[in-house]
Amino acid sequence: MPQQWPAAAIARSILDGFDNYREHFRQITDGARQRFEQAQWQQIQTASAARINLYEEKVSEVSGWLRSGFEPEVLLDVAFWPLVKSAYIGLIDPRLDDELSETWYNSIFCSLFSHDLISDGCMFIHTTRPALRSHERAAQTRTYRPDGGLASMLAQIFADYAFQAPFGDLPGDLARLQAQLRENLPDWVCKDPHLQVELFCSVLYRNKGAYLVGRLFTQDEQWPLVIPLLHRESHGIEIDALITDEADVSIIFSFTRSYFMVDVPVPAEFVGFLKRILPGKHIAELYTSIGFYKHGKSEFYRALINHLASTDDRFIMAPGVRGMVMSVFTLPGFNTVFKIIKDRFSPSKSVDRATVIEKYRLVKSVEPGGAQWPIPRTFADFRFPLSKFEPECLAELLEVAPSTVVLEGDTVLIRHCWTERRMTPLNLYLENANDAQVREALEDYGLAIKQLAAANIFPGDMLLKNFGVTRHGRVVFYDYDEICFLTEANFRYIPPPRFPEDEMASEPWYSIGPLDVFPEEFPPFLFADRGQRRLFSQLHGELYDADYWKSLQAAILAGKVIDVFPYRRKARDS
């Protein structure tokens with residue numbers, strides 16, 4: 001039997017599996033509109049989690065098909081797979097989601113073979129897809145002009161983007177939107193006869209919000225545009241804000257946010273559209289933001305190997321306090337940190353390697369519901385040239401994690417690591433911040449903790465060094481080895497001392513269980529600086545109260561989905 005036949009059949013089976021995955025992905029995504037219109041907040045969380053888990057489930061399913069449908073001596077002969085890849089390229093050439101289908105093929109290959117066998121001959125290390133051609137206007141968009149004035153243009157937009165649920169006060173919302181538009185933009189822009197608004201046709205949904213996304217532009221300039229909508233069950237749909245600041249829009253599409261649900265018939269075109277309005281975003285983040293996190297990982301890896309090949313950048317240890325569980329290194333010119341588990345932990349840590357890995361899996365699988373944390377990408381068997389490491393960095397990695405970091409001649413093998421966006425550790429940021437920056441950072445630090453809690457996550461170790469500050473000044477939690485579900489923690493008040501001597505004793509006079517948390521102990525634990533301690537108490541003093549945490553637990557256990565907003569909201573007139 002000619003080899004081309006099984007190669008073509010395997011390629012077809014892989015693509016059939018991709019079509020099956022895409023159909024299930026589409027079905028979950030298409031339900032987002034109805035869930036928003038009917039205020040089905042718990043179902044939104046369930047659907048988001050299901051879509052996150054769908055990819056791995058379908059990869060496992062297709063791998064099973066292949067193993068049962070083809071002889072092992074054919075299927076598992078890596079020398080045969082260049083033929084499979086060639087046949088697959090022919091199948092995906094006409095597709096509109098061909099870049100995603102390459103990543104799917106890679107996932108299937110990796111599910112069948114050891115990572116030692118990865119090569120560009122067998123899989124798509126580099127894409128074979130042509131670069132997205134530029135268009136005069138992005139596909140799948142609607143364009144509006146204020147020929148009859150701003151008010152009529154905004155009214156037309158929301159006539160086109162209508163929902164089955166009614167607006168609570170559309171005239172009032174439109175008046176407020178027009179005022180915000182004039183407030184956000186220079187006066188001449190709103191009077192420019194060439195002003196246009198371009199919006200993506202599909203609405204984006206995430207958590208309890210819906211988002212219109214696009215841009216405002218004149219002949220010479222453009223601004224990103226995001227209009228979030230909320231559904232208040234007893235008040236109808238309301239337009240919550242109008243956002244034109246690039247930094248604020250970037251935060252909405254942040255690497256620390258959960259994934260949007262949006263119908264994107266041509267993913268590359270939509271990502272290209274987002275890239276034009278957010279030029280500072282890497283396309284890996286943009287693919288990830290709309291649920292294609294595996295392809296985001298592919299784009300990240302390609303960017304990394306291109307960076308290493310085209311620069312003299314070398315790995316160094318990441319600045320900040322050395323971790324007791326993880327060792328963290330980075331490339332100065334590549335905005336990412338690489339985290340590996342140490343072979344031996346500090347004696348104060350009660351977790352083990354398996355527990356840490358499980359915590360990171362938890363972070364990847366839990367739907368954050370709008371809370372901020374960077375979703376770590378997992379890589380196995382990373383191989384880097386020895387010349388790409390500063391000697392001090394490599395020596396430290398080999399010392400603290402010899403089971404994970406292995407020197408193989410002129411190559412450094414990293415058996416397992418996570419990657420995350422590089423941030424400034426909050427403790428270092430505060431050392432050099434002015435008063436206004438300190439206040440803003442501590443405000444956001446408390447909000448980050450509250451947003452985690454709203455997603456049923458208790459960070460455990462809330463020290464400043466375990467939070468980072470992004471390039472936009474937002475504070476994000478990034479240390480996961482002690483997290484647990486909020487509803488698992490036992491928040492307690494410290495019992496009053498039985499005798500005066502109790503307070504002088506070296507050991508507490510009360511029993512402490514493994515999941516007991518005493519919030520009133522937080523202030524001196526979190527802040528050595530008394531001024532920061534006082535300020536945080538003013539901003540978020542409720543975090544020191546066990547009853548506050550218990551009320552959150554009760555709300556979550558009762559099925560309430562707590563509001564979390566990825567943008568700064570302005571006060572609404574009552």
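The values are calculated or read from the model by the stated rules, or taken from the named source; none is laboratory data. Source: prediction; values computed, not measured. Counting neighbours? That spans all protein chains shown, and the Cβs are built from the backbone with ideal geometry, glycine included. Only protein heavy atoms, including side chains, enter the accessible area calculation; ligands, DNA and RNA are left aside. Shrake-Rupley method; radii C 1.70, N 1.55, O 1.52, S 1.80 Å.
For the reader, a short list of remarks on this structure follows.
- Region 142-236 - percent relative contact order, Cα under 8 Å, separation 6 or more: 26
- C-alpha center-to-center spacing [region 439-466, region 150-207] in angstrom: 34
- Label zone at A179 (point 7 Å along Cα-to-Cβ), backbone N below 11 Å, region 193-216: none
- Fraction of accessible area attributable to carbon and sulfur, region 141-306 (%, probe 1.4 Å): 50
- Cross-link pairs K359/K560; K339/K388; K208/K297 - those with Cα-Cα distance over 22 Å: K359/K560; K208/K297
- Over region 426-558, Cα pairs under 8 Å with separation of 6+ residues give a relative contact order of 26 percent.
- Angstrom value of the Kirkwood radius, inverse mean 1/r, which spans all Cα pairs in region 141-306: 16.7
- Rounded to the nearest 500, the 222 nm mean residue ellipticity of the chain from helices alone is -13500 deg cm²/dmol, with -39,500 (n - 2.57) taken per DSSP H run of at least 4 residues.
- With R₀ fixed at 45 Å, the C-beta to C-beta distance from E37 to R95 puts the FRET efficiency at about 0.90.
- Estimated dipole of the chain in Debye, rounded to 20 [Cβ of Lys and Arg +1, of Asp and Glu -1, Cα centre]: 580
- Under 19 Å from the Q222 label point (7 Å along Cα→beta-carbon), backbone N, region 233-252: 243-252
- Taking only protein heavy atoms and a 1.4 Å probe, the accessible area of region 311-422 is 53% carbon and sulfur.
- Accessible area per residue, Å², the chain with all protein chains present, probe 1.4 Å: 44
- Extreme residue, positive dipole direction of the chain, given options P459, P193, S13 (C-beta unit charges): P193
- D245 paired with I357, simple spin-label distance in nm, labels 7 Å along Cα-to-beta-carbon: 4.3
- Maximal additional length on extending the L54-R142 stretch stands at 28.5 nm, based on 0.36 nm per residue less the C-alpha distance.
- Distance between the modelled labels on E507 and N432, one decimal in nanometres: 4.6 nm (7 Å Cα→Cβ projection).
- Additional length obtainable on full extension of the chain from D312 to T127, 0.36 nm per residue less Cα span: 64.2 nm
- Sorting F491, F70 on solvent-accessible area from highest to lowest, probe radius 1.4 Å, gives F70, F491.
- When +1 charges are put on Lys and Arg Cβ atoms and -1 charges on Asp and Glu Cβ atoms, the dipole computed for region 426-558 relative to its Cα centre reaches about 440 debye.
- Karplus-derived HN-Hα couplings along region 288-298 (A = 6.51, B = -1.76, C = 1.60, θ = phi - 60°), whole Hz, x at Gly and Pro: 4, 5, 10, x, 8, 5, 5, 6, x, 5, 4
- Cα→Cβ-extended label distance, 7 Å offset, between R26 and A151, nm: 4.3
- In percent, rounded to a whole number, the relative contact order of the chain is 11, using alpha-carbon pairs under 8 Å and six or more apart.
- Spin-label zone in region 402-436 - amide nitrogen under 12 Å from a point set 7 Å from the Cα of S387 along the C-beta vector: 410-411
- Annotation: peptides 431-438, 268-275, 529-536, ranked by per-residue average of other Cβ atoms within 10 Å with the highest first, follow the order 268-275, 529-536, 431-438.
- If only the Cβ of Lys and Arg carry +1 and only the Cβ of Asp and Glu carry -1, the dipole of region 293-340 around its Cα centre is close to 220 debye.
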